[in-house]
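The next block holds one structure in the form of structure tokens; read it before the comments.
The values are calculated or read from the model by the stated rules, or taken from the named source; none is laboratory data. As the structure is a prediction and not an experimental result, all values here were calculated from the model. Positions of Cβ are backbone-derived with ideal geometry, glycine not excepted, and every protein chain shown enters the neighbour counts.
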Amino acid sequence: MALGGTSGQARQPRHDARDDRVGAHYADTALVSGYAASHDGWGPPARYFRSRLHVVDEVLGQCRGGDLLDVGCGPGMLVRHLLDARPGDFRITACDRSPAMIDAVGRQTGQRRDLRLSVARIEDLPFPDGSFDVVLATGVLEYVDVRRALDEIARVARPGGLVVVTMLNPLSPYRAFEWFLYWPALRLLGRVERLLGIRPERRHGVRRSGIRALTSRRLSVALRTARLRPEDVVFYDLTALVPPFDKVARRWTRRWRSHPETTASRSRRGWLGTGYLVAARRAPDPN
């Protein structure tokens with residue numbers, strides 16, 4: 001396993017309050033550990049990640065192997081899965097803006113000759129043009145400048161290469177209720193508890209995440225603008241339940257773990273998906 005860094009001549013990204021919140025959030029080692037742990041168990045996050053992993057696996061089934069970049073790799077759950085499920089198929093490069101996340105990947109995977117790690121931002125990747133046959137960006141576009149990120153993904157992908165991106169679905173009942181009702185209610189409750197003198201560790205609340213989600217139509221337009229041709233759209237983590245009721249129901253209904261295909265759809269049921277995946281191909285270079 002090789003460890004790389006960002007280019008010394010890299011463009012400095014424009015910083016704003018949202019960018020600072022995202023950076024601080026994923027620099028917290030306790031939150032990194034909690035994020036990794038959320039992939040396991042029976043709650044809503046575990047179902048979400050299991051469903052997403054299923055659709056990523058399904059799309060990668062068409063790919064024999066090659067040089068693969070996992071950008072915004074987080075604590076390395078997908079990297080570890082690919083190393084275990086597709087041994088020898090991919091030469092993997094994993095990068096994340098958070099050194100804490102990259103440290104977590106190293107702990108997940110150990111020393112490997114077929115894995116390279118790099119601390120890097122998706123908006124300014126330290127890799128030459130046309131470096132990768134496959135580029136994965138799962139769970140990252142919601143937190144960044146999408147246009148710049150897709151331009152960089154297109155730059156490092158080889159012509160005809162496979163690009164797989166995911167996005168939270170802002171049109172799903174679950175996300176709409178969570179973002180516009182449930183989370184604001186928890187924050188309001190936390191403020192009331194603060195006025196009542198309740199200790200901080202016992203107060204309700206939700207951190208402001210910096211999430212900005214696009215609809216599948218808008219993301220497809222952005223992909224085409226970056227010379228990435230969408231070929232497939234799959235919605236995953238289908239549910240008509242909203243928080244907090246989903247926490248109880250999903251513990252009772254556990255078929256999703258053994259049959260994750262039941263949690264994804266390309267049909268009209270897709271609007272129930274809390275997230276979606278778009279598979280695209282890098283357009284050939286102009287003559």
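Output the residues belonging to the range 6-21 that are at pLDDT below 70 and surrounded by 14 or more Cβ atoms within 10 Å (Cβ to Cβ).
Hits for the range 6-21 are T6, A10, P13, R21.
Please go through the range 34-72 and pick out each residue that is small (G, A, S) and either more than 20 Å from R254 (Cα to Cα) or surrounded by 19 or more Cβ atoms within 10 Å (Cβ to Cβ) (or both).
G34, A36, S51, G61, G65, G66, G72, listed by residue number.
Report every pair of residues separated by at least 6 positions or lying on different chains whose Cβ atoms are under 7 Å apart, first residue within the range 16-32 and within 16 Å of V144 (Cβ to Cβ), second modelled with pLDDT of 70 or more and aromatic (F, W, Y).
Once the first residue is within 16 Å of V144 (Cβ to Cβ) and sits in the range 16-32, its partners that are modelled with pLDDT of 70 or more and aromatic (F, W, Y) give V22/Y143.
So L69 ticks every box in (1) touching a Phe, Trp or Tyr at 6+ places or on another chain (Cβ under 9 Å); (2) outside any strand (DSSP E or B); (3) modelled with pLDDT of 95 or more; (4) not β-branched (V, I, T) but one. Which box is left unticked?
That leaves (2) as the condition not met.
With the structure loaded, tell me whether L141 is farther than 17 Å from D19 by Cα and at pLDDT 95 or above or whether it fails that test.
no
When you scan the range 220-234, do you find a residue that is in a loop (DSSP other than H, G, I, E, B) and of a type outside the set (A, V, I, L, M, F, W, C), even just one?
So far as the range 220-234 goes, yes, one or more of its residues are in a loop (DSSP other than H, G, I, E, B) and of a type outside the set (A, V, I, L, M, F, W, C).
If you go through the range 219-238, how many residues are within 13 Å of L168 (Cβ to Cβ) and either exposed (fewer than 13 other Cβ atoms within 10 Å of the Cβ) or not hydrophobic (A, V, I, L, M, F, W, C) (or both)?
2
For the range 156-188, which residues satisfy the criterion of being of a type in the set (K, R) and either touching a helix residue (DSSP H, G or I) at 6+ places or on another chain (Cβ under 6 Å) or buried (at least 17 other Cβ atoms within 10 Å of the Cβ) (or both)?
R158, R175
Please specify each residue of the range 235-248 satisfying the condition of being outside any helix (DSSP H, G or I) and over 21 Å from L53 (Cβ atoms).
Across the range 235-248, the qualifying residues are A240, V242, P243, P244.
Among what's in the range 192-207 and is of a type in the set (D, E, K, R) and surrounded by fewer than 13 Cβ atoms within 10 Å (Cβ to Cβ), pick the residue that is farthest from L31 (Cα to Cα).
R199
Would you mind finding the one in T138, T225, T215, T166 that is under 20 Å from G66 (Cα atoms) and either touching a strand residue (DSSP E or B) at 6+ places or on another chain (Cβ under 9 Å) or touching a residue at least 12 places away in the same chain (Cβ under 8 Å) (or both)?
Checking each option against the conditions leaves just T138.
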